[in-house]
């Protein structure tokens, strides 16, 4: 699994356009355990209602949308938004070739019944 340590590296990976859509999200402990065991995709995300997780699943994995057309300032803003908004300590770059817009600011739902692929772990100081 690749580790990204700068916004410039993030920008470079996005510019390769290996996938049609990208997002940033915080990994859960379960996500990290699965990644450490060699899994390269995430499960579908749950629907949240007023800050409480429900049993209902989204159509894919949610994240904060990022794109190769964004400059480093905008990518930094999206990274910081992800860090402030979601639970967890580790931010992931996720991707898929299918997506839909979510309900939150800049939210994208990536993938389908299998969820989104994990492209990289992001550790920007």
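Only the coordinates and a few stated rules stand behind these numbers; no lab work does. In this text the structure is predicted, and so the values were computed from the model without any measurement. Methodologically, a virtual Cβ is constructed for each residue, glycine included, from the backbone with ideal geometry; neighbour enumeration extends over all protein chains shown.
The alpha-carbon positions of the chain define a convex hull whose volume is 101 Å³ per residue.
Springs between Cα atoms under 10 Å define the GNM used for the chain, and in it the highest mean-square fluctuation of 75, 57, 93 occurs at 57.
Please report the relative contact order for the chain, taking Cα pairs under 8 Å with a sequence separation of at least 6, and give it as a percent rounded to a whole number. Intermediate results must be reported in sequence, preceding the final value.
Details: 259 pairs, mean separation 49.3, N = 125.
Reported relative contact order: 39 percent.
For the stretch 59-101, what class follows from the C-alpha gyration tensor (a ≥ b ≥ c being the square roots of its eigenvalues): rounded when a/c is under 1.5, otherwise prolate if a/b is larger than b/c, else oblate?
Verdict is oblate for the stretch 59-101.
Which of rounded, prolate, oblate describes the stretch 76-125, given a ≥ b ≥ c as roots of the alpha-carbon gyration tensor eigenvalues and a/c under 1.5 marking rounded, otherwise prolate only if a/b is larger than b/c? Note, shape of the stretch 76-125 comes out oblate.
Distance from the Cα centroid of the stretch 1-62 to that of the stretch 68-85 is 15 Å (rounded to whole angstrom). By the count of other C-beta atoms within 10 Å, a proxy for reagent exposure, 77, 113, 31 are ordered fewest to most as 113, 77, 31.
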